[in-house]
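Before any comments, here is the structure.
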Protein chains: 2
Amino acid sequence: MSKQELIKPRIMSGFMELSPDKQLLFDKMIDEIKHVYQSFCFMPLDTPVLELSEILLAKSGGEIDKEVYHFTKGDTNICMRYDLTVPLARYVAMNSNTLSFPFKRYQIGKVYRGERAQRGRFREFVQCDGDIVGLETLPISADAECIFLIDKIFNSLNLDILIQISNRNILVGYLQELGIIENAKQVLTILDKINKIGRENAMLELKALNITDNTIEKLLNIISLKGDFDKILPMLENLASNEIYQKGFDELRKVYHFLSAYGIDKSRYCLDISIIRGQDYYTGTVFEAVIPTHLQFGTVCGGGRYDNLAGYFSEKKMPGVGLSIGLTRLFDLLDKNDMLPSFSKTNTTLQIIPLGDHLDSCFTLQAYFSNKINCEVAYEERSFKAKLKDAGKKQIPFVLIVGDDEVEQQLFMLKNMETGEQTKLSKEECLELILKTIN
Amino acid sequence: MSKQELIKPRIMSGFMELSPDKQLLFDKMIDEIKHVYQSFCFMPLDTPVLELSEILLAKSGGEIDKEVYHFTKGDTNICMRYDLTVPLARYVAMNSNTLSFPFKRYQIGKVYRGERAQRGRFREFVQCDGDIVGLETLPISADAECIFLIDKIFNSLNLDILIQISNRNILVGYLQELGIIENAKQVLTILDKINKIGRENAMLELKALNITDNTIEKLLNIISLKGDFDKILPMLENLASNEIYQKGFDELRKVYHFLSAYGIDKSRYCLDISIIRGQDYYTGTVFEAVIPTHLQFGTVCGGGRYDNLAGYFSEKKMPGVGLSIGLTRLFDLLDKNDMLPSFSKTNTTLQIIPLGDHLDSCFTLQAYFSNKINCEVAYEERSFKAKLKDAGKKQIPFVLIVGDDEVEQQLFMLKNMETGEQTKLSKEECLELILKTIN
């Protein structure tokens, strides 16, 4: 093909494509997360990436958010999923007669948001969601279980996090107590963004809603309550007496009780009344995890309790609680801040290099070794020296040299590339030595 | 929400959505396949599901196949990937300066084809591809390696397959030997579909191309050669002497030599000259795997050698060889034919059931057990009896009962749900007994 006709190979901006060595690491993180979900008996679910627009846009009455990738094929209006929650709602509504509740599922998959690509924002990203869905009721235990899951997942990823926990009903009830009824939503919205806009601006916005100085002070006080449950809970106990406040307070206390039973390290979670997580969705417990040494990463995991998951699709009431990790963004942040665990450029444990015309013996050996370790034959047409040098550059830990003497005696030269040590061994001895060294 | 406003929860036809117990099995198959690829030192790659139309449609000069999902967003023409090969071509062309060759990658991901949904055809399906890509050259060893990989993968899935192997240059050279030059492509196309249309129809179509009866007989003879390499190779040795035929014959012989070195069971592969695999793509070794006891499944894995992977994107010549498994279709066939390995409705090894107000103790125990086994707490608000009955119905193997006495003595009642046996044990003894029983 002539030069002019070549098409420049490129991908769209906002799409992450990792080098294979980093992809290996990314996949290992997914495996860790999966493993934790499974250890808590969550079952896997995989829903289609494409769904009918009437399903995915049910919430907005079919109106298309400009973030959502959508198109028509024939007569069908199709959207790409933009989260894993609406598909879950559709799934439990479709299958409520056959599922057993509480239904615990995890889903690790790509979602799509066609927003303007900007630093740290992706148009395609992997979300790792876990949810517990009940039928009619779901005990508060489930909320504690999700928080413990977050702790276990980030432990398994070797990341020190702080899980900030609240219950929205505390603030909702407190507003009621202060007589803020009509403006309640707007006030919550202002309080929700206080860490972004700052206290001064929040005060101005609250004043604009005709909230008195005295009330504003009370709001700023309660929203700044953050710390150990042991310390903060007593401060909250008598702040308000209405039903919704008491419900929030009781739930928060129970969650704390169960977290203590789980034995989570107390340095890894706290009560933080400023956690609100928007208006629309959550109705009780809410939580967000941050990495205290890297607060600039923002929230690395969030979630909470919702009263009615599948209201658009079913008359059955299905309350749930869930957590979500945006793995693509997290991985990108860890990568850019040199926080990825050390990784090798290769997935190869043993490379077999023929010295002379012994490819067939090499393949026989590969068939043997590959049952236990990652093993490849250097069959490309290059010199023995070049191959050995290359294996070193790739940091392959072991090389097996297969030449005339080796094939005749069935004793092979095993070279530890790190120490430089060379030993002539039978294949069984080679395997034993390698397994002993790498484990 | 009132009944009228409810949206009927459904998915589009042609999209597979498995129940969680089957999804667990599907994921396990993916894990097995991954494991085999990794044991051969293949590295993972994940490319975006969405690519620029100019990239994915490079081959057709931008013309859109009606199978391809495509849409525009702003000024950008976007396609959903319909295979994993074009993205691989784009990837190696983009990264040829940093990759080390031969580049071995596996990719397990969803691809999209918006064709009319019909029995056994999916619009979204998981493909499990492995390819070895060289720079300028790639030894024939790679072809044998891919075939051995197929053998190992299906072994790990516990499926008995037959891998039918040929080399397209045998037929191409033989046509040349018979003087079929101008019509070569059309003749190959007819031979390629002979198993679909039958010998009679093939003869008629060949006659229509003015091929003589004598030549037709020779063609039907060579295409029916199928069996052990030991038997068929000698029959092929002197059928033609031109360069391309000899190249095909030599490569086939070498592949066989290496497959013998790998020690693949001879009942699991054969030489089959009728394997052609279309016109456009493959240029040497070709192979297709079938399940001999279930030939109606068709090809469950296919692949072969191609001369120039990235010709549309790069001036560098990159030959490759690869295999592809359509896992969604395979899983669906196994499911419909009751060939899935037996599976349990649950992923739970131990369910902890509180008897009385002991949820906190249950959570402490769950934190302990979940480090080693899949463990959950039955915290839903139902009677103890109902929970125990449910655990039996779900086939959960072990139940731990946590009541007053148990908490006081820290000795817990472990019930083996299969044998009905009950024993009071410390948590350490419980774990030991469970691990001993399930492993």
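Would you say B:K66 is touching a helix residue (DSSP H, G or I) at 6+ places or on another chain (Cβ under 9 Å), without any contact (Cβ under 8 Å) to a residue 60 or more places away in the chain and closer than 20 Å to A:G74 by Cβ?
Taking the combined requirement at face value, the residue does not satisfy it.
Are any residues in segment A:252-271 polar (S, T, N, Q) and under 12 Å from B:T364 (Cβ atoms), and if so, which ones?
Kept after step one, since they are polar (S, T, N, Q), are these residues of segment A:252-271: A:260, A:267.
A:S260, the sole residue that qualifies.
A:T299: more than 12 Å from every other protein chain (Cβ to nearest Cβ), β-branched (V, I, T) and surrounded by fewer than 22 Cβ atoms within 10 Å (Cβ to Cβ), yes or no?
So A:T299 passes the test.
Which numbered condition trips up A:G284, out of (1) out of contact with any Lys or Arg (no Cβ under 6 Å at 6 or more places or on another chain); (2) in contact (Cβ under 8 Å) with a residue 12 or more places away in the chain?
(1)
Say we look at segment B:21-33 and pick out the residues that are in contact (Cβ under 8 Å) with a residue 24 or more places away in the chain and facing chain A (nearest Cβ under 8 Å); which of these is surrounded by the fewest Cβ atoms within 10 Å (Cβ to Cβ)?
B:D21
Restricting to strands (runs of 3 or more DSSP E) lying wholly in segment A:89-197: which have 2 or more residues that are more than 14 Å from chain B (Cβ to nearest Cβ) and either modelled with pLDDT under 95 or out of contact with any Phe, Trp or Tyr (no Cβ under 9 Å at 6 or more places or on another chain) (or both)?
none
Looking only at segment B:76-88, count every residue that is in a strand (DSSP E or B) and more than 10 Å from chain A (Cβ to nearest Cβ) and tell me the total.
Qualifying residue count for the region: 2.
Looking at (1) more than 7 Å from chain A (Cβ to nearest Cβ); (2) under 22 Å from the mean Cα position of the chain (by Cα), which is the only condition B:V49 fails?
The single condition B:V49 does not satisfy is (1).
Could you grab me the full set of residues in segment B:327-365 that are more than 9 Å from chain A (Cβ to nearest Cβ), of a type outside the set (A, V, I, L, M, F, W, C) and either within 16 Å of B:S19 (Cβ to Cβ) or crowded, with 19+ Cβ neighbours inside 10 Å (or both)?
B:T328, B:R329, B:D332, B:D335, B:K336, B:D338, B:P341, B:S342, B:S344, B:P354, B:H358
Let's see how each residue does on (1) closer than 26 Å to A:I132 by Cα; (2) in a strand (DSSP E or B):
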| position | (1), (2) |
| --- | --- |
| B:C362 | yes, no |
| B:A367 | yes, no |
| B:K372 | yes, no |
| B:K387 | yes, no |
| B:A391 | yes, no |
| B:V407 | no, no |
| B:M413 | no, yes |
| B:L433 | no, no |
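State which residue pairs qualify: first residue farther than 20 Å from B:M43 by Cβ and inside segment A:384-400, second residue aromatic (F, W, Y) in any location, beta carbons under 9 Å apart, and separation of 6 or more residues or different chains.
A:L400/A:F369; A:L400/A:F412
Within the group A:E63, A:E54, A:E32, which residue is in a loop (DSSP other than H, G, I, E, B) and not aromatic (F, W, Y)?
A:E63
Which number in (1) of a type outside the set (G, A, S); (2) farther than 20 Å from A:P102 by Cβ; (3) within 13 Å of another protein chain (Cβ to nearest Cβ) marks the one condition that A:L259 misses?
Failed condition: (2).
Looking for whichever is at the interface with another protein chain (Cβ under 7 Å from one of its Cβ atoms), modelled with pLDDT under 95 and surrounded by fewer than 15 Cβ atoms within 10 Å (Cβ to Cβ) here; the options are A:K66, A:K3, A:K73. Which one fits?
Just one listed residue meets the conditions, A:K3.
Within the bounds of segment B:303-319, is there any residue that is among the basic types (K, R) and buried (at least 23 other Cβ atoms within 10 Å of the Cβ)?
Yes; the residues of segment B:303-319 include at least one that is among the basic types (K, R) and buried (at least 23 other Cβ atoms within 10 Å of the Cβ).
Quick one: count up the residues across segment A:305-331 that are touching a helix residue (DSSP H, G or I) at 6+ places or on another chain (Cβ under 9 Å), part of a loop (DSSP other than H, G, I, E, B) and among the basic types (K, R).
1
With the requirement that a residue be in contact (Cβ under 8 Å) with a residue 40 or more places away in the chain and crowded, with 21+ Cβ neighbours inside 10 Å, what does segment A:86-102 give you?
A:P87, A:L88, A:A89, A:R90, A:Y91, A:V92, A:A93, A:P102
Criterion first (at negative phi and more than 7 Å from chain B (Cβ to nearest Cβ)) does A:P44 satisfy it?
For A:P44, the condition - at negative phi and more than 7 Å from chain B (Cβ to nearest Cβ) - is not met.
The values are calculated or read from the model by the stated rules, or taken from the named source; none is laboratory data. On a predicted model such as this, the values are computed, not experimentally measured, just so you know. Note: ideal-geometry Cβ built from the backbone for every residue, glycine included; neighbour counts use all protein chains shown.
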